[in-house]
Amino acid sequence: MKNNEVVILLHGLGLSSYTLLYIEHSLAAMGYKTVNVDYPSRGYCVTDLFDIVTTKITQENKSFNEYDKVHFVGHSLGGILARMLALEYVGFNLGMCIALGSPNQGSSLANRLSSCRLIRGHFGPALFDICPKSEFINSLDSLPKRYKLIAGTRSKFTFFGWWFKDINDGTVMLKEMIPNGLSEGSIYYFDVSHSSMLFNREVKDKIIELLECD
């Protein structure tokens, strides 16, 4: 049981903290303190979302320095925010930073969808930030020490899977998930889609295993 370790959970673009409840409840049952952050992902650019998430975390919870370990688990855009947070807060005892299907190299799907005015209006400025070769994506040049990637490889029966020629999870191509400098040993592959990984027992067990081994 992890009585003095905290896991900060961050959902993806256009989603909410409810999508991480299965993982959150599983971690809480293991004794972890959980902070499942709900943030307005569709209303701001990613750098502004980083500031908003930082404020929410620090205002609503005790100092990070009071925990033995601080871990991050983020889905999709949340995994990119987790990466930024883990790099920013160097003063506390950083544990694992686990990204679930995050488009670290940018999302070609976001690039396609951003050409539609209705979709742009729905997802907001962050959609442009996660397009490949965007100024924001190009600024992501460092990784936390204990950065792990859980990658889905199932596109069958997903809405957008047929758009891709390469291996993908129905939303993000595998090659778009892998950041520069990440070793193969830090990538874990599962036969799940971008959304179904949030409710998959094997993915949940892998998250717990990584946290327990840290």
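Can you give the accessible area of Val70, probe radius 1.4 Å, in Å² rounded to 10?
Accessible area of Val70: about 0 Å².
I'd like the orientation of helix 46-60 relative to the chain: the angle between its Cα long axis and the longest Cα principal axis, in ° from 0 to 90, rounded to 10.
Tilt of helix 46-60: around 20 degrees.
Rolling a 1.4 Å sphere over the protein heavy atoms, what is the accessible area per residue of the range 91-144, to the nearest Å²?
It amounts to 46 Å² per residue over the range 91-144.
For the chain, give the percent of accessible area contributed by carbon and sulfur heavy atoms, probe 1.4 Å, rounded to a whole number.
51 percent
Cross-link partners among lysines for Lys145, C-alpha distance below 27 Å, same-chain residues fewer than 8 apart left out?
Lys2, Lys33, Lys56, Lys62, Lys69, Lys133, Lys175, Lys204, Lys206
Counting DSSP beta bridges in the chain, what percent are antiparallel, to the nearest 5?
Taking every DSSP beta bridge within the chain, about 5 percent pair in antiparallel fashion.
Quick one: if you stick a label point 7 Å off each Cα along the C-beta vector at Lys56 and Met30, how many nm between them?
2.3 nm
Less than 15 Å Cβ to Cβ from Leu21, Lys/Arg counted +1 and Asp/Glu -1: what total charge do the surrounding residues give?
With Lys, Arg at +1 and Asp, Glu at -1, the net is 0.
Quick one: compute the contact order of the chain, relative version, from alpha carbon pairs under 8 angstrom and 6+ residues apart, as a percent.
19 percent
Compute the longest continuous run of the chain that contains no exposed trypsin sites (Lys or Arg not before Pro); treat a site as exposed when its DSSP state is not H, G, I, E or B and it has at most 10 other Cβ atoms within 10 Å.
63-132
The values are calculated or read from the model by the stated rules, or taken from the named source; none is laboratory data. Quick caveat, the model's predicted, so the values are computed rather than measured. As a convention, Cβ positions derive from the backbone with ideal geometry for all residues, glycine included, and neighbour counts pool all protein chains shown. Accessible surface areas use protein heavy atoms only, side chains included; no ligands, DNA or RNA. Shrake-Rupley method; radii C 1.70, N 1.55, O 1.52, S 1.80 Å.
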